[in-house]
C-alpha cells in the first residue's frame with residue numbers, strides 16, 4: 001500500500017468524477033497539504049489521478065497523455081499501451097505508483113506491474129493509502145444515500161481523510177459530464 005495519497009473515481013448516470021486529497025507525506029512528516037494529484041487529459045475527455053511519488057506523477061501523466069494522443073483518445077487502447085510501456089521501462093517499472101483513469105465509458109486502475117484492472121462494479125475505484133476507506137465509504141453512500149456524484153466523491157474522501165494519516169481533507173475534484 002502506498003503512503004502517498006487517496007484518489008477516488010466514480011461514474012454514474014452520465015457523470016464521471018475523480019477526486020484526491022492534497023497531502024504530500026515524507027515518511028511521517030506532512031510536507032504539503034494542498035497538492036493537486038488529479039488532472040484532465042486529452043482535451044478534457046479523460047480524468048486521471050495518481051498515487052505514489054509526486055515527482056514521478058508528472059512523467060507518468062505525460063506518458064499516459066502521449067498514449068491517448070497516439071490512440072486518438074481511445075482509453076482502453078491507451079491504457080493497455082501505457083501499461084506495456086510502463087512495465088518495460090527499467091526505471092519506471094520500479095516506481096511504487098498507481099493511476100486511476102476514466103472517461104464516460106471506462107474506468108481503469110493502472111500499475112507499473114502491467115496491470116490494467118477494470119473494477120468489478122465498473123463505477124467505483126480507489127487507490128492510495130486511504131483508498132480502501134474511500135472505496136468503502138463510496139460504496140455505502142452509493143447504495144444508501146441519494147447524492148450528486150461530486151458530493152459522493154467529496155464525502156467519501158473526507159471520510160478517508162479522517163481515518164488515514166497519509167490523507168487529508170483538502171479535497172479536489174474534476175468532473176466530466178455527458179453532453
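Any read-out appearing in this document is the output of simple, stated calculations on the displayed coordinates, not a laboratory observation. Everything numeric here is computed off the predicted structure, so don't read it as measured data. Positions of Cβ are backbone-derived with ideal geometry, glycine not excepted, and every protein chain shown enters the neighbour counts.
Some observations on this one:
- You can think of it this way: the chain between residue 89 and residue 113 has 7.6 nm of extra reach, that is 0.36 nm per residue less the Cα-Cα gap.
- Viscosity 0.890 mPa s, temperature 25 °C, Stokes-Einstein D of the chain from Kirkwood C-alpha radius, µm²/s: 155
- Take the Cα of residue 163, step 7 Å toward its Cβ, do the same at residue 53, and the gap between the two points is 2.9 nm.
- Look at 159, 7 and count the other Cβ atoms within 10 Å of each Cβ; fewest to most, that gives 159, 7.
- Global form of the range 112-179, assessed from the alpha-carbon gyration tensor, a/c cut-off 1.5: rounded
- The length gained on full extension between residue 139 and residue 13, counted as 0.36 nm times the residue separation minus their Cα-Cα distance, comes to 43.8 nm.
- Per residue, the chain reaches -11000 deg cm²/dmol at 222 nm when only DSSP H runs of four or more residues are counted, each adding -39500 (n - 2.57).
- Highest GNM mean-square fluctuation among 24, 46, 117, for the chain modelled with Cα contacts below 10 Å: 117.
- With an a/c value of 1.5 or above and a/b not larger than b/c for the gyration tensor axes a ≥ b ≥ c computed over the alpha-carbon atoms, the range 77-142 is described as oblate.
- Inverse mean reciprocal Cα-Cα distance (Kirkwood Rh) of the range 1-90, Å: 14.2
- Largest GNM mean-square fluctuation across 143, 37, 11, computed for the chain with C-alpha springs under 10 Å, falls on 143.
- Our estimate of slack between residue 122 and residue 147, defined as 0.36 nm per intervening residue step minus the Cα-Cα distance, is 7.2 nm.
- For the options 20, 128, 112, a Gaussian network treatment of the chain with springs between C-alpha atoms closer than 10 Å singles out 112 as fluctuating the most.
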